[in-house]
Structures are given as C-alpha cells and as structure tokens.
Amino acid sequence: MSLSIKDHEIDIVIGALRSDLTSFMSEWRPIFSRFHLIIVKDPDLKEELKIPEGFNLDVYKKPDIDCVVGTSTSTIFSGYSCRYFGYLVSRKKYIISMDDDCYLAKDNKGILVDAVAQHITKLTTPATPFFFNTLYDPFTEGADFVRGYPFSLRSGVQCALSCGLWLNLADYDAPTQALKPEERNSRYVDAVLTVPARSLMPISGINIAFNREVIGPALLPSLRLGGEGKFRWETMEDIWSGMCVKVACDHLGLGVKTGMPYVWRNDRGDAIASLRKEWEGVKLMEEVVPFFQSVRLPREATTTEDCVAEVANVVKEQLGSKDPIFARAAKAMVDWVMLWKSVGSSTSSPGA
Amino acid sequence: MNEPATAIEAAVAASPLHQLKDELDIVIPTIRNLDFLEMWRPFLQPYHLIIVQDGDPSKTIKVPNGFDYELYNRNDIKRILGPKASCISFKDSACRCFGYMVSKKKYIFTIDDDCFVAKDPSGKAINALEQHIKNLLSPSTPFFFNTLYDPFAEGADFVRGYPFSLREGVSTAVSHGLWLNIPDYDAPTQLVKPLERNTRFVDAVLTIPKGTLFPMCGMNLAFDRQLIGPAMYFGLMGEGQPIGRYDDMWAGWCIKVICDHLGLGVKTGLPYIYHSKASNPFVNLRKEYKGIYWQEDIIPFFQQVVLPKDCTTVQKCYIELAKQVKEKLGKIDPYFDKLADAMVTWIQAWDGLNPTSASFSNGKTG
C-alpha cells in the first residue's frame, strides 16, 4: 500500500557545523550519490567547507542566506538551525536531514543500514496514530494488525514525519551523559512504530525525514537558548520544533513515526563542559512539555501554517510572560510563517 | 529463533534467583493437559500455579510432577461463587479470570497452554516470567514518550528533552508480552495470511502512552493484582454468548482506561514466548465476527470514557465503567446489558473473596 517515491522528489539537507565534511560525505556516498543535496553552512563557521567531488548539490553560506532572507533575519539560522534554511529553499516534496557527525550504522545482522531508504519507506506507508498496534508497524514485511485492531482504522493516515534513532552516542541531554560518561547505545531495536495521537515526545533533529509539502512550515527555528552552542547538548531548538510538528500533525490527522533507521553517531564534545555552560534547556522543558500537552488548536486551523500561527499565539499568551525566551520564540514562529509564505513560493539562486 | 527452546536450553538459562516466588501466582486456563509446563519447568517450577479447568469438570487434568498448584473446575467455581458464578465464562479461556480472583498473591502471570519458551536472537532461552517481573518492578512513563523506549532498561535512559519531573515514572500495573511464531491475528487476517509467522524479535519494552488504547492479548500477560486486579475481568464469552476471542481485548480496554485515570502504567514488548498452535480460522471467524463490527462502536466508547474524580479505587472505576457500558453500549445489543451486569457481579464476587482489597485505594486520580 505504499506510495512510490522518485529520487528527484527528495532533498537531503545537511547543516554543516564542521568545515571538513570529507569523511562524512565519503561514507554516505553510496547512499547519497543518487540524490540532490542541500548543504547549509553554519553562518558562524569561519573556515571554508571541504566537500568531496561527485555529488549533485547546492551549498548555501552566509552571503547566500543573507541574500535570500536579509542580514537581520539570517541570524535565526545560526548553529544547528542552519538546516532550516535548507528546508526553506528546497523545492522537493520530501526532505531527509541528518547531523554532520552521523555515520552509517549496522543492523543486527551486520548489514549497513540505508537510512535514506528506510526513512522513505516510513514516509510512504501509512501511520496508525489512533490505536496502538502491539506488533508495531503493521505495514512492515512479516507483520500486520493484531486481533482486536478496529478494521476502520487499518487504512491509517499519511505519515508526515519520520524520526530515526542513534547507535553509539545516543541523544541524551548533558546531565544524563555526564552522569554516565561511558554509556553508549548498543541496542538495535528492529521496529518502526507510530507515535500515538496526542502523545508528545522529544523529537530529535539529528536523524529525521519529513514530507515538506504537508508539514514543512512546522519545522522551524524559534526557540534559541541563551547559551546555545555547537553541540546537541547545548540546544533545544529541535525539541521545540518537534513539539510544534506533533501538535500540528495530531490536529491535522497526520502521522509521526519513530524507530528505525539508526545512524551511528560519533563521539563529540564533552557533556560536563556543556552542562557547566548550558542547563537552561533542561529547566525550560519543565514548562514546555505541560504547555504543549495543553494546546488545543481551533477547527479553523486547517493548514500547517495556520497551526504554527495558532501555537505562536498561545505561546505568546501563556508562556511569554514566564520567560522572554518564549516571547522571542513566539515572534520567531510568526516571522517564520511569513518567511515560508514569501520564500517558499519564489525561486532562489543556488550558491557555489 | 524459529523454534521454541528445549527444556535443557531453558535449564541452562535459568537463574537461581526466582524473584517474587512467594508473591506471584501463575494462572493457566486449560481443557486438555499441561504438558507444555515441562518446557517451562526451570523457569516456573518454584512458583505456585492456579489452574482453571474449563469444559467438562469430570475430566482429570494431568499436572506434571513437582509443580505446586491448586486447580478449579466448573463445579468448584459454582461452589465458591454460588449464583455469582454466572459472570465467569464457560467453554472459553476467559474463565481464567476466576484464577485472578481466587489468588491471594500480589502478582499474576498468565500464559496459554500452547505457549512455549522462545529463544532470543543469540539462541538463548527467554525467561519470560523474569522479564515480566522486571517490567512490573520498574516504573512506567505514560505521560511523555521516550524515543529510546524503556528508559529503565540496561543501557538505555531518557533522551534529551525529556522533562526531569517526569523521570520518576509511575507504578506499572500491567506487563503485556508478545509472541514469536504464530502471531495473534484475527480470523480474517489468518485466512488471508495462513503462513505468516512472526520472526521479528524487537528488543524493546515500552510504556503505552496515556490516552492510547491497545489490543491486549491474554496469552502472555502479567499484572499487579493489588493495583489493577479487579479490572481484569475477561467478560462473558463462550457457551451461551454471542461472541468469543474478545475476552482479553475487553479487559485490556477497561484496564487501560482505568490505569490512565489512576495514573498507573501499562508496558508492552518483551518478553516473547513461542506460540505454537494456530487455532482454526473458520472457528475463530464465527466467534469473532460480531466483535469485528461491534468493536467499531466499542473503541470510540472507550476512547471517550471519562471517569469522575471521585472514582479513586479500581472497583469504583469499574462499577462506573459498567454503568456507562450499559448506558452507551446497551443500545447496540442486549449482550452489553448482560455484560455490564456481569461486570458488577464480578466486582461483588471479587470483593467477597478479597475483603481487605475492598477498601484499598491507591489514592491517585488521573
């Protein structure tokens, strides 16, 4: 029952936070070479990017970003948020995005995981958010809906977002990794599952894919921590964005899947150093989660842009006074919707 | 992984620990024999069994030597419950819930007599009971989904973005295990895919989020009787009833609504058992067919149920649920009227046999 996807409908977006992408690109070459890539250089990165030859790609750097959105706006794309620029300027239906410190993982049989293909499969088979299937993804080979699963719910809904996972360095926060410095994720869980409707989760931006046509505007740079840095332990932007996406998907009747594919995430950074520098994010989640759990979008919000604008409104009303970071996030969301409407519908010239 | 473990493989995998030996009963419904227990011996022999014999009470069920057990047939059930025995199904494995009622232990593990010891991908025999105990003794996390599944598993934790205030979790009331080989499909699926076997070993335990319903299978299930026991009624099935194979489903929807209300957790995933027998799909179809179209109304009913704040015990929640079943599902078929009455009878019978639990409250409301 899956839709068929053509290679030319996909963009692979990489946010470059390191200048030397040689080993990253070389490792992924067998999988990436079929696709068009968008590489967005972190505007704060001073060194020249080193990218191997032989890829079909467009590279965007600070001057290109400035050109498209203006110099005052381009600051929203600093750090890990640089990839959102790639989402903005892409003209493809599907986007697959991963951090530049992710490599190919191996499955339980020792076979290299084609993360791109697995994300595509997830996006092109239905999601089942209204009732939990105990054998996980019923559209997987060798599985199905179990006894007791209502037949009217078996056609499922469109899957808008596919979240992948990570072997080796899992996406833990700084306190957790600092407490368990040796802990590495070695458990390969052979499953894909739909995250149930109205259940929220921390959506990590490290390894994701989405249907840009359907949910694009909801992946947005808006929550920026005071001490936001160049390690994932020092950001919450993707977690915030992920909450917006899930709320929008739940409201619009779209699905979010999690599980495979796995990528291998290299060791990078020092959790204790990050913890000393930045713990604001951890504290903020105590407000963020109950807030998003309580958000109810009005019937009139029928598009993703509507949903984002509504959430921004509620953020401003309910969280804006608690911490200026939320007031800024709300404004950033409103600005993003306008930016998406203007830039999303015009063509931009690719950088060199 | 495609065959069950042998008794020797199980013996090799057994640990001397046998946790909760005096606090857990194993409830097994049967109409034939309990030979399957031979394979489970290294894992299960230290535990007390409650065998619920369905069908002809004059038949003798052979229990393998060395197991400590109590056995109840239909005559025993009638003798113990009197007129309230009407709530216990006959000629259906739903009768197993009598075992839950009559147990005096804190925990129950229930398993079908065609379930054998499975092997993990490394070939090691899986001690399903040990895993269920791990699941029950560690917290659940129903309020926010952890993308690395059970954060209390070895080698896992809560991911970035998971609020610290939710990391303590809540008590786990139910541990729902899975099955390799013959999957738990309904009759239509069985007819379309008679040869499909579940060979995928998913190395995960996860909490089913609050507000989400699931199809609970009674083949490989464990629960905390003190936390949720009175809600584990397996309904009216079998002889004289218009429906079968919805006993565990019904219990699963009831317990999930009540667990969500009381702030208790339900886990699913590991452990796996090896399910050896595929039941006849034509027989199954006849049993299930009403359920297949009734569930289209039953599911929305359970999804919309709201239990009042003053329902602070499982029994109160269950009685309230019975009331709402009668009001809202009674119009679909008179069966639901009968079922609602049987749910009340069940609670009366439960409280009769378990007098101290009548005043038990876990003090939490959802």
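Out of all the residues in segment A:79-96, which are among the aliphatic types (A, V, I, L, M) and within 14 Å of another protein chain (Cβ to nearest Cβ)?
Hits for segment A:79-96: nothing passes.
Looking at (1) more than 21 Å from B:Asn354 (Cβ to Cβ); (2) out of contact with any Cys (no Cβ under 8 Å at 6 or more places or on another chain); (3) surrounded by fewer than 24 Cβ atoms within 10 Å (Cβ to Cβ), can you tell me which one B:Leu206 breaks?
Condition (3) is where B:Leu206 drops out.
Kindly establish whether B:Ser15 is hydroxyl-bearing (Ser, Thr, Tyr) and either touching a residue at least 60 places away in the same chain (Cβ under 8 Å) or farther than 30 Å from B:Ala349 by Cβ (or both).
When the stated conditions are applied, B:Ser15 passes them.
Only one of B:Gly66, B:Gly99 is assigned to a loop (DSSP other than H, G, I, E, B) and away from chain A (no Cβ under 14 Å); which?
B:Gly66
Anything in segment B:153-169 that is buried (at least 20 other Cβ atoms within 10 Å of the Cβ) and either in contact (Cβ under 8 Å) with a residue 24 or more places away in the chain or not charged (D, E, K, R) (or both)? List them, or say none.
Of segment B:153-169, the ones buried (at least 20 other Cβ atoms within 10 Å of the Cβ) are B:156-162.
Answer for segment B:153-169, where residues must be buried (at least 20 other Cβ atoms within 10 Å of the Cβ) and either in contact (Cβ under 8 Å) with a residue 24 or more places away in the chain or not charged (D, E, K, R) (or both): B:Ala156, B:Phe158, B:Val159, B:Gly161, B:Tyr162.
What pairs come out if I take residues in segment A:274-291 that are more than 9 Å from every other protein chain (Cβ to nearest Cβ) and pair them with residues that are in a helix (DSSP H, G or I) and polar (S, T, N, Q) whose C-beta lies under 9 Å away, six or more apart or interchain?
Hits for this filter: A:Ser274/A:Gln177; A:Leu275/A:Gln177; A:Phe291/A:Gln318.
Of these, B:Ile77, B:Ile50, which one is surrounded by 18 or more Cβ atoms within 10 Å (Cβ to Cβ), at pLDDT 95 or above and in contact with a Gly (Cβ under 6 Å, 6 or more places away or on another chain)?
B:Ile50
When you scan segment B:166-176, do you find a residue that is facing another protein chain (nearest Cβ under 9 Å) and outside any strand (DSSP E or B), even just one?
yes
Considering A:Lys257, A:Lys230, A:Lys246, A:Lys277, which residue is among the basic types (Lys, Arg) and in contact with a Ser or Thr (Cβ under 7 Å, 6 or more places away or on another chain)?
When all the criteria are applied, what remains is A:Lys257.
Every residue in segment B:119-145 that is away from chain A (no Cβ under 13 Å), of a type in the set (Ser, Thr, Tyr) and either surrounded by 22 or more Cβ atoms within 10 Å (Cβ to Cβ) or assigned to a helix (DSSP H, G or I) (or both), please.
Of everything in segment B:119-145, just one residue is away from chain A (no Cβ under 13 Å), of a type in the set (Ser, Thr, Tyr) and either surrounded by 22 or more Cβ atoms within 10 Å (Cβ to Cβ) or assigned to a helix (DSSP H, G or I) (or both), namely B:Ser140.
Tell me, please, whether a residue that is over 20 Å from the mean Cα position of the chain (by Cα), under 17 Å from A:Pro261 (Cα atoms) and either in contact (Cβ under 8 Å) with a residue 24 or more places away in the chain or buried (at least 22 other Cβ atoms within 10 Å of the Cβ) (or both) can be found in segment A:36-47. Steps first, answer last, please.
From segment A:36-47, those over 20 Å from the mean Cα position of the chain (by Cα) are A:44-47; that's our starting set.
With the extra rule that they be under 17 Å from A:Pro261 (Cα atoms), the set shrinks to none.
Scanning segment A:36-47 turns up no residue that is over 20 Å from the mean Cα position of the chain (by Cα), under 17 Å from A:Pro261 (Cα atoms) and either in contact (Cβ under 8 Å) with a residue 24 or more places away in the chain or buried (at least 22 other Cβ atoms within 10 Å of the Cβ) (or both).
Please verify whether B:Ala251 is in contact with a helix residue (DSSP H, G or I) (Cβ under 8 Å, 6 or more places away or on another chain), closer than 12 Å to B:Ala94 by Cα and either without any contact (Cβ under 8 Å) to a residue 40 or more places away in the chain or not in a loop (DSSP other than H, G, I, E, B) (or both), treating the condition exactly as stated.
The answer is yes for B:Ala251.
Looking only at residues that are surrounded by fewer than 24 Cβ atoms within 10 Å (Cβ to Cβ) and within 17 Å of B:Ile299 (Cβ to Cβ) in segment A:122-131, which one is farthest from the other protein chains (Cβ to nearest Cβ)?
If we filter segment A:122-131 for residues that are surrounded by fewer than 24 Cβ atoms within 10 Å (Cβ to Cβ), which is where we start, we get A:124-126, A:130-131.
Okay, now just the ones that are also within 17 Å of B:Ile299 (Cβ to Cβ), so A:130-131.
On the way: A:Phe130: 8, A:Phe131: 6 Å.
Selected residue: A:Phe130.
Can you name every residue in segment A:197-224 that is touching a residue at least 60 places away in the same chain (Cβ under 8 Å), assigned to a loop (DSSP other than H, G, I, E, B) and surrounded by fewer than 21 Cβ atoms within 10 Å (Cβ to Cβ)?
A:Arg224
Only one of these is surrounded by 24 or more Cβ atoms within 10 Å (Cβ to Cβ) and in contact with a His (Cβ under 9 Å, 6 or more places away or on another chain): B:Gly252, B:Gly265. Name it.
Of B:Gly252, B:Gly265, the one residue that is surrounded by 24 or more Cβ atoms within 10 Å (Cβ to Cβ) and in contact with a His (Cβ under 9 Å, 6 or more places away or on another chain) is B:Gly252.
A:Thr134 fails exactly one of the following numbered conditions: (1) away from every other protein chain (no Cβ under 14 Å); (2) not in a helix (DSSP H, G or I). What is the number of that condition?
(1)
Being without any contact (Cβ under 8 Å) to a residue 60 or more places away in the chain and aliphatic (A, V, I, L, M) is the filter here, so list the residues in segment A:118-161 that pass it.
Those that are without any contact (Cβ under 8 Å) to a residue 60 or more places away in the chain and aliphatic (A, V, I, L, M): A:Leu135, A:Ala143, A:Val146, A:Leu153.
Do you know which of the residues in segment B:183-195 that are out of contact with any strand residue (DSSP E or B) (no Cβ under 6 Å at 6 or more places or on another chain) and facing chain A (nearest Cβ under 7 Å) is surrounded by the fewest Cβ atoms within 10 Å (Cβ to Cβ)?
B:Lys193
Quick one: in segment B:268-297, which of the residues that are under 30 Å from B:Lys316 (Cα atoms) and within 14 Å of the chain's Cα centre (by Cα) is surrounded by the most Cβ atoms within 10 Å (Cβ to Cβ)?
B:Gly269
Against the condition within 14 Å of chain B (Cβ to nearest Cβ), touching a residue at least 24 places away in the same chain (Cβ under 8 Å) and within 17 Å of the chain's Cα centre (by Cα), how does A:Asp99 come out, does it pass?
Details: within 14 Å of chain B (Cβ to nearest Cβ): yes; touching a residue at least 24 places away in the same chain (Cβ under 8 Å): yes; within 17 Å of the chain's Cα centre (by Cα): yes.
So A:Asp99 passes the test.
Applying the selection to segment A:313-329, what residues are within 20 Å of A:Thr235 (Cβ to Cβ) and surrounded by 14 or more Cβ atoms within 10 Å (Cβ to Cβ)?
Residues satisfying the conditions are A:Val315, A:Leu319, A:Asp323, A:Ile325, A:Phe326, A:Ala327, A:Arg328, A:Ala329.
Quick one: which residue in B:Leu213, B:Leu180, B:Leu148 is more than 7 Å from chain A (Cβ to nearest Cβ) and either assigned to a loop (DSSP other than H, G, I, E, B) or under 30 Å from B:Pro281 (Cα atoms) (or both)? Lay out the reasoning, then the answer.
Values: B:Leu213 fails: more than 7 Å from chain A (Cβ to nearest Cβ); B:Leu148 fails: more than 7 Å from chain A (Cβ to nearest Cβ).
The match here is B:Leu180.
The values are calculated or read from the model by the stated rules, or taken from the named source; none is laboratory data. Note that the coordinates shown come from a computational prediction; the quantities given were computed from them, not determined experimentally. Every residue, glycine as well, gets a Cβ built from its backbone with ideal geometry; the counts of neighbours run over all protein chains shown.
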